[in-house]
Amino acid sequence: MSHSADPRPMTARRAAPLSGEALVPGDKSISHRALILGAMAVGETRITGLLEGQDVLDTARAMQAFGAQVVQHGPGDWSVHGVGVGGFRSPEGVIDCGNSGTGVRLIMGAMATTPVTATFTGDASLSRRPMARVTDPLAQFGARITAREGGRLPITVQGATDPVPVTYHTPVASAQIKSAILLAGLNVPGDTVVIEPEPTRDHSERMLAGFGAQIRTETVPEGHKVTLTGRPELRPQPVAVPRDPSSAAFPVAAALIVPGSNIRVPGVSRNPTRDGLYVTLREMGADITYENPRDEGGEPVADLVVRHGPLTGVTVPAARAASMIDEFPILSVIAAFATGPTVMNGVAELRVKESDRIDAMAVGLRANGVRVEDTPDSMTVHGQAGVPGGGHAVTHLDHRIAMSFLILGLATERPVTIDDAGPITTSFPDFVPLMTRLGADVS
Ligand code: S3P
């Protein structure tokens, strides 16, 4: 649903050492995919640990509108009765995907090769984001697409009646593009192929294989190639959603920058395609250890133990960007407390997220006394011994910008305010109480 409530300003103040256990919510990417694949399987898919953030709830409602039965049994415990590949019906109303790029792009893919018609909308942030990156390949399958100028929402997709398989080279490394194409490929006879320039998060591939689809991945000279054989009968699977490493990044960052902190973050996904922030933090000298490594629901997970300590700035290579694409805002906060500059390369995609994240972070960090340089596809943050704070940050309907500046304020000399904490509910509804339990002063 579009975020329409009044803005909720919030202030974070310098904290005493943080301690305790941070039970962060279920992974957002996996939660969307579990609902969508559950809706495309025949029979009941039981999901535990589902993220009940607004983005995912919007996807659940959309799957119902396409004909699946989606039921909540308890906190995080959901079931989906799917209609099978090709079984969607045309929704009666408009599909409002709220703030969620993943939701709208994956659902457009999932329905684009079934002869149904749907109109998609979203909030002001989502309506500014580029959609042609997904609608162009979907049109190659035979879907007919009408978009607002610039390829923006609202968009109407008329699914193909006789879809044809597609081989698509994605111009940017994006799991949303890859996943939209693979979901479209499910209802197409023959092989659908996506070649991406760098490997991106592979939750769709893992879950498709788990549901019984034939899917193969290989490294080729142009990059990373995924081949899906169409028209499988998807078998419902129990999905245990691991905790989200992108959400874990916020309490982890807080523990790294608030002196004396020592926290534990259990059950976090350690999928290598999502691990870039943690690789970078270890290079910076962060004290992070992994306990009880195990496999849950086809994803590697571990318990993170994080202690405050000195950090050193590093250069993050462009090739790592895809594996930490949502973590650059919070890395730029951590970098403000490191010794020396941290250089983030190859991050142009940040400019088309829920906000222009390079600009939002650069402007907000400067307002809090941090030296930042940015170019179209890079950002450099100069760390310093004491970060003044005392500034106001504009969050542009972007949950990760809101949470990043609240974490900043836990370690600055003066409080940091943000204009609106409302969007945090899209991915981390429990953020403020969870941080408060660790000892943070956020109100
Ligand atoms: C996501 C992929 C990423 C990421 C987003 C979730 C996904 O977007 O930023 O939060 O679940 O596939 P891109 O694939 O566009 O980089």
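Just so you know, all these numbers are worked out from the coordinates, no wet-lab data involved. Values in this document were obtained by computation on a predicted structure and should not be read as measured data. Here the Cβ positions follow ideal geometry from the backbone for every residue, glycine too, while neighbour counts run over all protein chains shown.
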Sites residue 235 and residue 92, calculated FRET efficiency, Cβ-Cβ separation with R0 22 Å, nearest 0.05: 0.15
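Once the Cβ-Cβ distance between residue 214 and residue 167 is put in as r, and R0 is 22 Å, what FRET efficiency do you end up with, to the nearest 0.05?
Computed FRET efficiency for residue 214 and residue 167: 0.85.
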Intensity falloff of the stretch 169-250 expressed as log10 I(q)/I(0), Debye formula with alpha-carbon point scatterers, at q = 0.12, 0.19 Å⁻¹: -0.37, -0.85
Per-selection metrics, the stretch 28-229 (Cα): Rg and Dmax in Å: 15.4, 47
Where a label projected 7 Å from the Cα of residue 414 along Cα→Cβ would reach, residues of the stretch 374-389 with amide N under 11 Å: 388-389
From phi via Karplus (6.51, -1.76, 1.60), per-residue ³J(HN,Hα) for the stretch 18-25 in Hz, x at Gly/Pro: 8, 8, x, 10, 10, 8, 7, x
Rg/Rh for the stretch 18-77, where both radii come from Cα atoms and Rh is the Kirkwood radius: 1.04
Extension reserve of the residue 307-residue 437 stretch, reckoned as 0.36 nm per residue once the Cα distance is removed: 45.1 nm
Rg(Cα)/(2.2 N^0.38 Å) for the stretch 150-208, N = residue count: 1.20
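Counting Lys and Arg as +1 and Asp and Glu as -1, what is the net charge of the other residues whose Cβ lies under 13 Å from the Cβ of residue 372?
Around residue 372, the charge tally is 0.
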Share of Cα-Cα pairs in the stretch 34-110 lying beyond 16 Å, as whole percent: 44 percent
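Return the ratio Rg/(2.2 N^0.38 Å) for the stretch 231-277, where Rg is computed over Cα atoms only. Numbers along the way, then the final one.
Details: Rg = 15.8 Å, N = 47, 2.2 N^0.38 = 9.5 Å.
Against the compact-globule rule of thumb, the ratio is 1.66.
With a 10 Å radius around each residue's Cβ, average the other Cβ atoms per peptide and rank 385-394, 232-241, highest first.
Those peptides, ordered most packed to least, come out 232-241, 385-394.
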Share, in percent, of DSSP beta bridges within the stretch 28-229 that are antiparallel, nearest 5: 85 percent
Cα Rg, Dmax, the chain, angstrom units: 21.0, 62
Within the chain, helix-based [θ] at 222 nm, where runs of 4 or more DSSP H residues each add -39,500 (n - 2.57), nearest 500: -8500 deg cm²/dmol
